[in-house]
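K.L.:
Structure in structure tokens, see below.
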Amino acid sequence: MPILANVTQALNKFFVILPPLYELILEIERDDIRGGQLLNLLHKRCHCGVPELQACIQRLLWHGHQVLYNQLSSWMIYGILQDQHGEFFIRRQEDRDVEYGSSISDTSEKLAHLSTVDTSLTDWHLGFHIFLDMLPEYIHMRVAESILFAGKAIRVLRNPSPAIQFQDALSNQQTKKGSQKFHGSAVGVPFQKEAFLDVKTIGEELLPQSVADKIETMLLDLKESSEFHKRSFECSVDSIRAIAASHLWQLVVVRADLNGHLKALKDYFLLAKGDFFQCFLEESRQLMRLPPRQSTAEADLMVPFQLAAIKTIGEEDKYFSRVSLLMPSFGITVKSSQRDLPKTKTYTDGSSETSVGGWDGIALEYSVDWPLQLFFTQEVLSKYRRIFQYLLRLKRTQMELEKSWASVMHQEHTYFAKHRKDQMNCSISQPPQQCFRPMWRVREHMAFLIRNLQFYIQVDVIESQWNVLQSHIQDSHDFTELVGFHQEYLSALISQSFLDIGSVSRILDSIMTLCLQFCWNIEHQESSQNTSELERITEEFNKKSNSLYTILRSSRLAGSQRAPFLRRFLLRMNFNSFFEATARGVLNVVRPRPSLPVLNQQ
């Protein structure tokens, strides 16, 4: 009898432990709870009023965290995902393809041309994601994103692209030989044989073993702790993420010369090399007066493009070789300016009015090597292309307004030179273009608006935002911060240039189209018998320019922080209160139908 009493007394403490544990096991089996879900369940059950049961569940949770720390060590030290049973909250993207098949397919197509071999690039953009069902509730989403980023960064640093071997060897060879150039393939072949390094050697340079040991020590300290401390866990994850971001910054910014490529994109996509694009537009002016031919448009543009490069680009510009001209297929891209064009009008020289907007699809491509593809994604480059097309069209409009003035003045000077004798005999005949002199006041008004808009975008927007970006690059040593700063830079360029405001961008498109149509008509008009088209263009331009001023001066734009330099632009436009007066007339619907000349900037 005493033996039974002793057994009963010894088992008495399990009466408060075994039934709840049995219910816990049944729930786990019934709902197939595992991985992060199991950790989440155990963490909730730890909060109870029975000390023995609490200590038991805490011990179970500790063992579960040991598995979690092992997975974190594999991921954040070696960039390897050890998760055979799908229990970790970091997963490969393939597991998500079934649910988001179309979007993943589209993104894969965008990145397919970047590399078919570089798995690190594919892994960075598409390889992994956070699986929320396996993320414990006590691990914040921000911490999970830091873990995801750190592992992806470690994968990139430990598995560099084979292309970086040639890049490093080429830069070293150029440093040794200075300005000496390679000629022919006979020099290139042995150079490659000598220069190629082992991928593992480069990986050790990008992520030294001492850094990996430091990360391992931090995770080991967490693993050896008797309890899970959320504060310590988050601090360790943030430290590891900072280490990974710093080494990735060193790779992209210093080793891959990020700032040089940013400067190249500014030079060519933001038209900072104004002499090159001025020369290109002048060389291609006659070509762009004809409708583009779908089969040869891109090849036709390459001739003036290369001529402009020969005249303005020096041999020291090592980035120009990465820039290529692109003319998208007309059937794929239809711009709003092309839809707004009137019916095709053919002139005596065989040109067509549709060529005014037919060349608006001109774009640039920029060749980006690893690891800059981590920074310059296709989404980023598409934003650069969008801004480039807008700026090139603006510059072309400004050039056409200037050229039309120069062309007609040249015709008048030639006319007077030929008829000097008639002038001496007092038999002066009016030159053919004399009757259009009132229209030059309209042309000057157009040029005034386009010049001020161009100055505002190039100086007030692009240069100021470029200086802000440069200061961020100098102060930051974190890759993710740089990505954020660059996104803010592009967003500021787009918003302050009004490309994200549909009403304003449509008005600007229409104004540039009207300016080009005006130049075409004034140069092809032989007599003053029919000026109805010029009057129509003038009236439309007045309406559009006044509408533009009215929208931009509204408190929603002029008083907001999205365009801090907009007031300067409005001040330059309305320096003599002309726009304000005419815009008020439009709003009150009291302004009569204008007759030539309509506008006066004096």
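The values are calculated or read from the model by the stated rules, or taken from the named source; none is laboratory data. This one's a predicted model, so the numbers in the text were calculated from it and none came from an experiment. Every residue, glycine among them, receives a Cβ derived from its backbone with ideal geometry; neighbour counts consider all protein chains shown. Just so you know, the surface numbers come from the protein's heavy atoms only, side chains and all, with ligands and any DNA or RNA stripped out. Shrake-Rupley method; radii C 1.70, N 1.55, O 1.52, S 1.80 Å.
K.L.:
Whenever you get a sec, line up Y390, Y22 from highest to lowest accessible area (probe 1.4 Å, protein heavy atoms). Don't jump to the answer; show the numbers that get you there.
P.N.:
Numbers: Y390 20, Y22 140 Å².
The residues order as Y22, Y390, largest area first.
K.L.:
Shifting gears a bit: Given K383/K544; K383/K403; K266/K383; K263/K318; K152/K263; K273/K311, which pairs have Cα atoms separated by over 19 Å?
P.N.:
K383/K544; K383/K403; K152/K263
K.L.:
For segment 229-277 and segment 1-55, what is the separation of their C-alpha centers, rounded to whole Å?
P.N.:
Taking the Cα centre of segment 1-55 as reference, the centre of segment 229-277 is 51 Å away.
K.L.:
So how exposed is L301, as accessible area in Å² (1.4 Å probe, rounded to 10)?
P.N.:
Surface accessible to solvent at L301 totals approximately 0 Å².
K.L.:
Right, something else. How do H472, H261 rank by accessible surface area computed with a 1.4 Å probe, from largest to smallest?
P.N.:
Ranked list, largest accessible area first: H472, H261.
K.L.:
Ignoring ligands and nucleic acids, what accessible area does F565 show with a 1.4 Å probe (Å², nearest 10)?
P.N.:
We get 50 Å² for F565.
K.L.:
Ignoring ligands and nucleic acids, what accessible area does E463 show with a 1.4 Å probe (Å², nearest 10)?
P.N.:
Counting only protein heavy atoms, the figure is 70 Å².
K.L.:
Place a point 7 Å from the Cα of E463 along the Cα-to-Cβ direction; which residues of segment 243-277 have their backbone N under 16 Å from it?
P.N.:
Correct set: 266-267, 270-275.
K.L.:
Suppose accessible area is computed on protein heavy atoms with a 1.4 Å probe; arrange H125, H63 from highest to lowest.
P.N.:
H63, H125
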